[in-house]
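A.B. asks: Here you go, one structure.
The values are calculated or read from the model by the stated rules, or taken from the named source; none is laboratory data. The structure displayed is predicted, hence computed values, not measured ones. Because the Cβ atoms are built from the backbone with ideal geometry, glycine has one as well, and the counts that use them run over all protein chains shown. SASA here: full protein model, heavy atoms, side chains in, ligands and nucleic acids out. Shrake-Rupley method; radii C 1.70, N 1.55, O 1.52, S 1.80 Å.
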There are 2 protein chains.
Amino acid sequence: MNIPKATAKRLPLYYRYLSILHDAGKKKVSSTEFSEAVQIDSASIRRDFSYFGALGKRGYGYDVDDLLDFFKKILNQDRLTNVALVGVGNLGKALLNYNFKSSTNIRISAGFDINPEMTGKIVAGVPVYDVKELEKQISDQQIKIAILTVPADVAQKLADEVIAAGVKGIMNFTPIRLSAPSDIQIQTLDLATELQTLAYFLDSKDKK
Amino acid sequence: MNIPKATAKRLPLYYRYLSILHDAGKKKVSSTEFSEAVQIDSASIRRDFSYFGALGKRGYGYDVDDLLDFFKKILNQDRLTNVALVGVGNLGKALLNYNFKSSTNIRISAGFDINPEMTGKIVAGVPVYDVKELEKQISDQQIKIAILTVPADVAQKLADEVIAAGVKGIMNFTPIRLSAPSDIQIQTLDLATELQTLAYFLDSKDKK
């Protein structure tokens, strides 16, 4: 299915709110209510939903359980996705502890580091391997997604290594713009840049 | 200055690479070289730069120091921006240790938590206050930006509190879509959603 990237980015958000509604015992939700909860205008929601066929009824709203089942399938929430974490420093450790499990069916199943104080141990329930075992573990565990939380100067090298081992998607927390073959999906989340952009927006508002 | 959001998001990236070039002793950079380094096409770079007046010369490229000075002013890199961190859990602690200082002129100057084991201490050089002191500290330190790394169920309450204390921009790491007055800038960085979106894209590629 070919859907716009903007729509795809909103799907996990829809899924999240439907889960909350479901857990609260709600059976249906009006399109206005849904729009207010996710803070996306009703027209965009209707357009997003239209890519998957008509999911709501005029004057009735949306059936929570139906929608939830639907998005669960779309987002593959019914099967577990294993992810590798490369770099168990401060941010890496925080992500291991967080481990996405409360809200998604994604789980960090292996950590990698070079620091002998970290490797060979289980941290927050996840084994941390020496980076030498990276290729074998990623291949053995058929891991397709890696989170990169390593120092900038080794980011490209480790990206190359996880790709060589079979990874198809990288969530890049380093400030480096990684080079990769075109079939590899890279999502960069540079926290410093995000914070700087926020500061810039505030500042340019002040000057108006 | 009113520039498109997409342009504003690229400014910190431009700044980052110019700093690297500057530190490496480079005096000028061709537009091709710059484009390859930041992985943004030359046309977009030219358009972005055009919002700030003509910054390059045809056949010469860009003067690194000139550009760097220019973006430094735009991004207010010549003065320190203090930021509050609300919620010193795993992710909060990781952000305190990271503290953005290597690459930006932004610094977390105060942390807040309710856990008595965390408060009243200095963590990674930053004082962690009890959340009761939030209003006083944010106002005393004239902090305009807060990073929110708290549990979902208290996210809105704490957002309201930092806004009441004078904060104008929130970097929201919680899965909650925060409500705020329209003059408040909110940037949500929901790591689980980002990871889920990445997984979804890989998956929909597989099916093609």
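A.B. asks: Please work out which residue is nearest to residue A:146 (Cα to Cα), limiting yourself to the range B:151-172 and to residues that are in contact with a strand residue (DSSP E or B) (Cβ under 9 Å, 6 or more places away or on another chain) and open to solvent by 20 Å² or more (accessible area, probe 1.4 Å).
C.D. replies: Step by step, filter the range B:151-172, then rank; the result is B:168.
A.B. asks: Now, a different point. Suppose we filter the range B:76-132 for residues that are open to solvent by less than 10 Å² (accessible area, probe 1.4 Å), more than 8 Å from chain A (Cβ to nearest Cβ) and β-branched (Val, Ile, Thr); how many remain?
C.D. replies: Count: 5.
A.B. asks: Within the range A:23-44, work out how many residues are part of a helix (DSSP H, G or I), among the charged types (D, E, K, R) and closer than 16 Å to residue A:60 by Cα.
C.D. replies: Total satisfying the criteria: 1.
A.B. asks: How many residues does the range A:69-103 contain that are modelled with pLDDT of 85 or more and touching a strand residue (DSSP E or B) at 6+ places or on another chain (Cβ under 9 Å)?
C.D. replies: Number satisfying all stated conditions: 14.
A.B. asks: Can you name the residue in the range B:12-24 that is without any contact (Cβ under 8 Å) to a residue 40 or more places away in the chain and over 13 Å from residue A:193 (Cα atoms) and is also nearest to the other protein chains (Cβ to nearest Cβ) among such residues?
C.D. replies: Residues of the range B:12-24 that are without any contact (Cβ under 8 Å) to a residue 40 or more places away in the chain, as a first pass: B:13, B:17, B:20, B:23-24.
Narrowing the set further to residues that are over 13 Å from residue A:193 (Cα atoms) leaves B:20, B:23-24.
Working: B:20: 9, B:23: 13, B:24: 13 Å.
Checking each candidate, the answer is B:20.
A.B. asks: Identify, from the list A:27, A:9, A:73, A:5, the residue that is of a type in the set (D, E, K, R), open to solvent by 20 Å² or more (accessible area, probe 1.4 Å) and in contact (Cβ under 8 Å) with a residue 12 or more places away in the chain.
C.D. replies: A:27
A.B. asks: Here's another thing I want to ask about it. Going residue by residue through the range A:59-69, is there one that turns out to be within 30 Å of residue B:88 (Cβ to Cβ) and not assigned by TED's automatic domain parsing to the domain that holds residue A:119? Even if it seems obvious, please write down each step before you answer.
C.D. replies: Taking the range A:59-69 and keeping what is within 30 Å of residue B:88 (Cβ to Cβ), we get none.
No; the residues of the range A:59-69 include none that is within 30 Å of residue B:88 (Cβ to Cβ) and not assigned by TED's automatic domain parsing to the domain that holds residue A:119.
A.B. asks: Follow-up. Can you tell me how many residues within the range B:175-192 are open to solvent by less than 20 Å² (accessible area, probe 1.4 Å), modelled with pLDDT of 90 or more and not aliphatic (A, V, I, L, M)?
C.D. replies: Total meeting the criteria: 0.
A.B. asks: Name the one entry in A:52, A:34 that is of a type in the set (Phe, Trp, Tyr), surrounded by fewer than 19 Cβ atoms within 10 Å (Cβ to Cβ), within 14 Å of chain B (Cβ to nearest Cβ) and free of Cβ contacts under 8 Å to residues at least 60 places away in the same chain.
C.D. replies: Details: A:34 fails: surrounded by fewer than 19 Cβ atoms within 10 Å (Cβ to Cβ).
None of the others qualify; the one that does is A:52.
A.B. asks: Looking at the range A:85-100, I want the residues that are without any contact (Cβ under 8 Å) to a residue 24 or more places away in the chain and have a partner that is hydroxyl-bearing (Ser, Thr, Tyr) with Cβ atoms under 8 Å, at least 6 apart or on another chain. Which pairs are those?
C.D. replies: A:90/B:98
A.B. asks: Within the range A:198-208, take every residue that is facing chain B (nearest Cβ under 8 Å) and assigned to a helix (DSSP H, G or I) and give me the one that is most open to solvent (accessible area, probe 1.4 Å).
C.D. replies: Selected residue: A:205.
A.B. asks: The conditions are (1) surrounded by fewer than 21 Cβ atoms within 10 Å (Cβ to Cβ); (2) within 14 Å of chain A (Cβ to nearest Cβ); (3) part of a helix (DSSP H, G or I), and residue B:195 fails exactly one of them. Which is it?
C.D. replies: If we test residue B:195 against (1) surrounded by fewer than 21 Cβ atoms within 10 Å (Cβ to Cβ); (2) within 14 Å of chain A (Cβ to nearest Cβ); (3) part of a helix (DSSP H, G or I), just (1) comes out false.
A.B. asks: Quick one: residue A:46 ticks every box in (1) touching a Lys or Arg at 6+ places or on another chain (Cβ under 8 Å); (2) charged (D, E, K, R); (3) without any contact (Cβ under 8 Å) to a residue 40 or more places away in the chain except a single one, so which number is it?
C.D. replies: (1) is the only condition that residue A:46 fails.
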